[in-house]
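Student: Right, I'll just put the structure down here and ask away after.
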């Protein structure tokens, strides 16, 4: 297994957002306040142990978006923890587009998913509308070496120790560990592909009208956000470096 | 594989596990003359086990356990599709509630199966179940694989997840509590109906006329 130096690690935002022109054409406005918190201290940060940014945005003139966040946390020039989160506003039932991309010398741990806001077994129409467009991408990218290994496809197992996190995942999540340097960049294509599907769904999204369904959807969304903000193991690192208050801000705009 | 004695003893091994429970046979009018049995039991609405062969080349087995909706219990599904060179399998202990929201349910029933889920991750051919609709109703601890049969011992190895999940399920039944209130019963009823509907649809999609409709209705 080859090791990758910090200086050679993937520039996540550059690759996934900038070069791909992923957010081109969207009228992004910095989201200065989120859940009553001033977000500006997250836009750029630097401590002796970590530096980076989490940039949350909304869409100018649109009520569809709760947040569009991307960011990177560089830890002691040893690892880079990168993220993307697209969350629609409470009037919409779009799944949460969520990316974790954690690179260290030995490997990338990545998760890419559309996290459903309803119990899919009760709402097959939700899968048809929002998740089925991922089917071809899922089948293509789950074969990336590392996600598939020695004839065994290991996607949907990265969160092995965290059952609560697996509960939030869709049947089309891509996740796993990629070791070889030449394979690492391949997951970026999957991230861009998934993101483009989400942005296309956003264009067509209509507000939820059924109040019973909406309540059910919001209940699940709030539980999902709470469990990630309270329990994500990456959050513990953030807490140690930045303290409780910034931890709460950072995890809130990431999840 | 014309010599059917070489098929894995799916039904026998599953029936061995089921013999731990006091079974009462039901639906005899539908199961007569078929390799199919259905039972009821304490806290259980229906246990069904069936198998069939499609020509000489394919041996299919299905086993299901659906709890009474008045009990706070998961359900059990086992699908077995055996061919000469590979076995496609799915086994699950699936929630009858939203197991993101109902955390006690997840901890009691799904997280306690997690050691089996981790153990069988090393099974050759482990893979997410291919059918998108079925994956939607699977739990976080389902095991699925397309196991290559490189030696005959692999057939029994592929059976192990089915019998071990079923054995765990049977343990759950013994001390299962009643569902807490009418809202929970309603939730369980809705979820079981949705899961049954998806699997019925899957068997039709996957096997067409290979499964008689009566057989599908007994199994799910």
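Student: With the requirement that a residue be more than 7 Å from every other protein chain (Cβ to nearest Cβ) and part of a loop (DSSP other than H, G, I, E, B), what does segment B:94-106 give you?
Tutor: Result: B:95, B:96, B:97, B:102.
Student: Please go through (1) surrounded by fewer than 20 Cβ atoms within 10 Å (Cβ to Cβ); (2) within 14 Å of chain A (Cβ to nearest Cβ) for residue B:81 and return the number of the only condition it doesn't satisfy.
Tutor: (2)
Student: In segment B:182-220, how many are more than 15 Å from the chain's Cα centre (by Cα) and at pLDDT below 95?
Tutor: 11
Student: Confirm whether residue B:109 is in contact (Cβ under 8 Å) with a residue 60 or more places away in the chain, within 12 Å of chain A (Cβ to nearest Cβ) and closer than 26 Å to residue A:171 by Cα.
Tutor: yes
Student: Oh, and also: Which one of the conditions (1) in contact with a helix residue (DSSP H, G or I) (Cβ under 6 Å, 6 or more places away or on another chain); (2) over 19 Å from residue A:150 (Cβ atoms); (3) surrounded by 19 or more Cβ atoms within 10 Å (Cβ to Cβ) does residue B:111 fail to meet, given that it meets all the rest?
Tutor: Tallying (1) in contact with a helix residue (DSSP H, G or I) (Cβ under 6 Å, 6 or more places away or on another chain); (2) over 19 Å from residue A:150 (Cβ atoms); (3) surrounded by 19 or more Cβ atoms within 10 Å (Cβ to Cβ), residue B:111 fails exactly one: (3).
Student: Are there helices (runs of 4 or more DSSP H) fully within segment A:163-255 with at least 1 residues that are within 14 Å of another protein chain (Cβ to nearest Cβ) and free of Cβ contacts under 8 Å to residues at least 40 places away in the same chain? List them.
Tutor: In segment A:163-255, the matching helices (runs of 4 or more DSSP H) lie at A:163-166, A:211-231.
Student: Hey, another quick one. Looking only at segment B:112-132, filter to residues that are more than 7 Å from chain A (Cβ to nearest Cβ), outside any loop (DSSP other than H, G, I, E, B) and modelled with pLDDT of 95 or more; which one of those is nearest to residue A:220 (Cα to Cα)?
Tutor: B:117
Student: Report yes if some residue within segment B:20-32 is without any contact (Cβ under 8 Å) to a residue 40 or more places away in the chain and under 21 Å from residue B:87 (Cβ atoms); otherwise report no.
Tutor: no
Student: When the residues of segment A:141-158 are filtered to those that are under 18 Å from the mean Cα position of the chain (by Cα) and at the interface with another protein chain (Cβ under 9 Å from one of its Cβ atoms), which remaining residue is surrounded by the fewest Cβ atoms within 10 Å (Cβ to Cβ)?
Tutor: Ranking the candidates gives A:157 first.
Student: Okay, next question. Any chance you could count how many residues in segment B:135-154 are out of contact with any strand residue (DSSP E or B) (no Cβ under 7 Å at 6 or more places or on another chain), more than 9 Å from chain A (Cβ to nearest Cβ) and at pLDDT 95 or above?
Tutor: Residues in segment B:135-154 being out of contact with any strand residue (DSSP E or B) (no Cβ under 7 Å at 6 or more places or on another chain), more than 9 Å from chain A (Cβ to nearest Cβ) and at pLDDT 95 or above: 0 in total.
The values are calculated or read from the model by the stated rules, or taken from the named source; none is laboratory data. Predicted, not measured: the structure shown is a model, and the values here were computed from it. Please note: Cβ atoms are built from the backbone with ideal geometry, for glycine as well, and neighbour counts cover all protein chains shown.
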